[in-house]
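Trainee: Let me give you the structure first, and then I'll get to my questions.
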Amino acid sequence: FVKLMFGFKLRDVDCDFRLIRREALDAIELESPDGTICLELVKKLQDAGFRFAEVPVHHFHRSYGKSQFFNFRRLSRVLPHVAWLWWKLVVRREHLKSPKARGHKVKV
């Protein structure tokens, strides 16, 4: 759903294993205070014209502990922030109006 909502060209937006060139990170400004930072990161890099390469990774079952992702309290905080990010990055496209975004169109 989020992939369609934000127009992502990646298959796995939430994969936490990323190698990112410093110049790409220098070209954007991140603001998200929580787990939605992955959405913000990918959307801003994609809109700035950076390329992505995806390679398969293995996902292993947890050896201990319990996932904190799908609990109601967390989702009740994250969903409004996802909606705010969608409004800001997809509808208003505010990140493209900043001087930082206009100065970089480098491919990585």
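Trainee: If I go through the stretch 22-77 residue by residue, how many of them are of a type outside the set (K, R), outside any loop (DSSP other than H, G, I, E, B), open to solvent by less than 20 Å² (accessible area, probe 1.4 Å) and in contact (Cβ under 8 Å) with a residue 40 or more places away in the chain?
Mentor: 3
Trainee: Next question. When only residues in the stretch 3-21 that are among the aromatic types (F, W, Y) and open to solvent by less than 60 Å² (accessible area, probe 1.4 Å) count, which is farthest from E94 (Cα to Cα)?
Mentor: First, pick out the residues of the stretch 3-21 that are among the aromatic types (F, W, Y): 6, 8, 17.
If we keep only those that are open to solvent by less than 60 Å² (accessible area, probe 1.4 Å) as well, we get 6, 8.
Working: F6: 14, F8: 17 Å.
Only one residue tops the list, namely F8.
Trainee: In the stretch 80-88, is there at least one residue being under 18 Å from the mean Cα position of the chain (by Cα) and in a loop (DSSP other than H, G, I, E, B)? Working first, answer last.
Mentor: Residues of the stretch 80-88 that are under 18 Å from the mean Cα position of the chain (by Cα), as a first pass: 80-88.
From what's left, in a loop (DSSP other than H, G, I, E, B): none.
Within the stretch 80-88, not a single residue is under 18 Å from the mean Cα position of the chain (by Cα) and in a loop (DSSP other than H, G, I, E, B).
Trainee: Could you please find all residues in the stretch 1-23 being over 24 Å from H59 (Cα atoms) and under 13 Å from the mean Cα position of the chain (by Cα)?
Mentor: If the condition is that a residue be over 24 Å from H59 (Cα atoms) and under 13 Å from the mean Cα position of the chain (by Cα), then M5, F6, G7 are the ones that fit.
Trainee: As an exercise: evaluate H95 against (1) loosely packed, with under 11 Cβ neighbours inside 10 Å; (2) at pLDDT 85 or above; (3) in a helix (DSSP H, G or I) and give the number of the one condition it does not meet.
Mentor: Among (1) loosely packed, with under 11 Cβ neighbours inside 10 Å; (2) at pLDDT 85 or above; (3) in a helix (DSSP H, G or I), the lone unmet condition for H95 is (1).
The values are calculated or read from the model by the stated rules, or taken from the named source; none is laboratory data. Bear in mind that the values here come from a model prediction, so they are computed numbers and not experimental data. Here Cβ is always computed from backbone atoms with ideal geometry, including for glycine, and neighbour counts include all displayed protein chains. Ligands, DNA and RNA are stripped out before the accessible areas are found, and what is left, the full protein with its side chains, is counted by its heavy atoms. Shrake-Rupley method; radii C 1.70, N 1.55, O 1.52, S 1.80 Å.
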